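The values are calculated or read from the model by the stated rules, or taken from the named source; none is laboratory data. Just so you know, these numbers come straight off a predicted model, no measurement behind them. Because the Cβ atoms are built from the backbone with ideal geometry, glycine has one as well, and the counts that use them run over all protein chains shown. Keep in mind that these areas ignore ligands, DNA and RNA; they rest on the heavy atoms of the full protein, side chains included. Shrake-Rupley method; radii C 1.70, N 1.55, O 1.52, S 1.80 Å.
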Amino acid sequence: MSIIEGGQRRIRPCLYGVVALGGNAAVLADTALDAANPTIVTAFAGQSDVPRNVTVKGNDANVTGNVVVEGVSAGGAVITETIALNAANVVTGNKAFRTVTRVTLPKYAVANTERIRVGLGAKLGLPVRLSRNTVLAAFLGGVREATAPTVAVSATQLEANTVTLNSALNGSAVIVDLYDTN
């Protein structure tokens, strides 16, 4: 099938390569909180293999407050996300970070035993701003997902455009086909 003269292909394959599910300490291992001041971290255990969201997790029921994550989006913009801690539960962020450059942890709430870790989530950053969900299909390891992925869109913020496959990321290649409306 040929393209009409002056036209262009509108189906865009987003090739992520091999993507593993990130651990909940992939960016920052357990880090002790300070009693008097927020803890600022600028050296990390790892970075994302592709633009994706981050997760935060405390080590016990007393861990409260906000974690502020700063970094760079896939488009090179400086971005920030504030994620509210929920004790020892994993809390998922929504923005796709290409690189994390700084994490600010809250002061500890109760005892000097509280720690926080920052990991990588399953929301992969889309390379375009979308005003509506135009994702056509997702493939994991060359196999089309039977269930459509979950897609978040934003016409103004690239980092808010994400896709989450129905299957868990497992170190296989990921491809997402979408209709590019831009």
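For the reader, a short list of remarks on this structure follows.
- For segment 136-151, the criterion of being within 21 Å of G76 (Cα to Cα) and of a type outside the set (D, E, K, R) is met by none of the residues.
- Residues (open to solvent by 60 Å² or more (accessible area, probe 1.4 Å) and under 15 Å from K57 (Cα atoms)) located in segment 95-107: K107
- Hits in segment 154-167 - residues which are part of a strand (DSSP E or B) and closer than 17 Å to S131 by Cα: T162, V163
Yes or no, residue by residue, for (1) under 20 Å from E159 (Cα atoms); (2) in contact with a Lys or Arg (Cβ under 6 Å, 6 or more places away or on another chain); (3) of a type in the set (S, T, Y); (4) surrounded by fewer than 20 Cβ atoms within 10 Å (Cβ to Cβ):
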{"position": "G22", "(1), (2), (3), (4)": "yes, no, no, no"}
{"position": "D30", "(1), (2), (3), (4)": "no, yes, no, yes"}
{"position": "G46", "(1), (2), (3), (4)": "yes, no, no, yes"}
{"position": "K57", "(1), (2), (3), (4)": "no, yes, no, no"}
{"position": "T113", "(1), (2), (3), (4)": "no, no, yes, yes"}
{"position": "I116", "(1), (2), (3), (4)": "no, no, no, no"}
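- Pairing each residue of segment 115-136 that is without any contact (Cβ under 8 Å) to a residue 40 or more places away in the chain with any residue that is crowded, with 16+ Cβ neighbours inside 10 Å, provided the two are 6+ apart or on different chains, yields C-beta distances under 6 Å for N133/V151; N133/V153.
- Index of the failed condition, G71 passing every other in (1) outside any loop (DSSP other than H, G, I, E, B); (2) loosely packed, with under 15 Cβ neighbours inside 10 Å: (2)
- Residue match in segment 157-168 (condition: open to solvent by less than 10 Å² (accessible area, probe 1.4 Å), within 18 Å of the chain's Cα centre (by Cα), of a type outside the set (S, T, Y) and at pLDDT 95 or above): yes
- Cβ-Cβ contacts under 8 Å between residues 6 or more apart (or on different chains), taken from a first residue in segment 139-153 that is part of a loop (DSSP other than H, G, I, E, B) to a second residue that is among the aromatic types (F, W, Y), are listed as E145/F139.
- Residue that is farthest from R12 (Cα to Cα), among those in segment 118-151 that are open to solvent by less than 40 Å² (accessible area, probe 1.4 Å) and of a type in the set (G, A, S): G119
- Matching residues in segment 80-91 - criterion: being part of a strand (DSSP E or B) and either among the acidic types (D, E) or surrounded by 15 or more Cβ atoms within 10 Å (Cβ to Cβ) (or both): E81, I83, V91
- Residue identified as aromatic (F, W, Y), at pLDDT below 95 and closer than 29 Å to T42 by Cβ among Y179, Y108: Y108
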